[in-house]
1. Suppose every Lys and Arg Cβ carries +1 and every Asp and Glu Cβ carries -1, with no other charges. What dipole size does the chain come out with about its Cα centre, to the nearest 20 debye?
2. For the chain, what does -39500 (n - 2.57) per DSSP helix run (n ≥ 4), summed and divided by total residues, give at 222 nm, in deg cm²/dmol to the nearest 500?
3. Relative to the longest principal axis of the chain, what angle (0 to 90°, nearest 10) does the C-alpha long axis of helix 106-134 take?
4. For the full complex of protein chains and a 1.4 angstrom probe, list 43, 11, 89 by accessible area with the highest value first.
5. Which of the lysines could a cross-linker span from residue 37 if the Cα-Cα distance has to be under 18 Å and same-chain partners fewer than 8 positions apart are dropped?
6. Residue 11 to residue 79: extension gain in nm, 0.36 nm per residue of separation minus the Cα-Cα distance?
7. Projected onto the charge dipole of the range 30-113 (+1 at Lys/Arg Cβ, -1 at Asp/Glu Cβ, origin at the Cα centre), which of 59, 107, 84 gives the Cα projection farthest towards the positive end?
8. All other residues with a Cβ under 11 Å from the Cβ of residue 117 taken together, and with Lys, Arg as +1 and Asp, Glu as -1, what is their net charge?
Amino acid sequence: MIQRIQTVYLLLAFVIMGILPFVFPLETSKAGEVFAKDHIVDLALFLGSAALSMITIFLFNNRKLQFVLGRLNIILNLILLGLFVYHSLSVSGEGAPSEKGIGMFLPIFSIVFLVLANKAIKKDEDLVKSVDRLR
């Protein structure tokens with residue numbers, strides 16, 4: 001069913017990964033603000049995570065696949081987070097260091113909502129299994 005709480009969590013993860021990277025900068029330097037669209041790998045990972053969240057929403061009939069795709073999306077966000085840590089620790093060679101923006105924390109917020117969605121999916125799966133046992 002599409003009106004479940006995991007749909008809300010997955011929709012929030014979609015908004016965080018699909019819309020907010022274009023609003024909040026990843027970093028700010030003397031040259032200006034750097035958004036996700038300026039780095040093709042970052043953009044691909046953000047949009048891939050958003051697309052995976054949207055696909056997961058519409059697979060409400062297959063809870064096992066929904067759960068697996070949620071875990072895959074968490075792994076994708078962890079890769080993106082690792083990429084941001086790598087970017088922030090690499091020496092840029094400029095005189096003044098750049099300030100990291102809120103966009104670098106978006107994968108963390110997305111991971112939180114994806115974990116909540118997976119908990120709700122697991123709860124639904126356990127409920128269906130318990131009802132099947134009674135039949």
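The values are calculated or read from the model by the stated rules, or taken from the named source; none is laboratory data. Treat the numbers as computed from the prediction; the structure is a model and nothing was measured. FYI the Cβ positions are ideal-geometry reconstructions off the backbone, even for glycines, and counts take in every protein chain you see. All accessible areas refer to the heavy atoms of the entire protein, side chains included, with ligands and DNA or RNA removed. Shrake-Rupley method; radii C 1.70, N 1.55, O 1.52, S 1.80 Å.
1. Value, rounded to 20: 840 debye.
2. Result for the chain: -22500 deg cm²/dmol, rounded to the nearest 500.
3. 10 degrees
4. Most to least solvent-accessible, the answer reads 89, 11, 43.
5. Output for residue 37: 100.
6. On the way: separation 68, 0.36 × 68 = 24.48 nm, distance 2.06 nm.
Difference between extended and current length: 22.4 nm.
7. Working it through, the farthest residue towards the positive pole turns out to be 59.
8. +4
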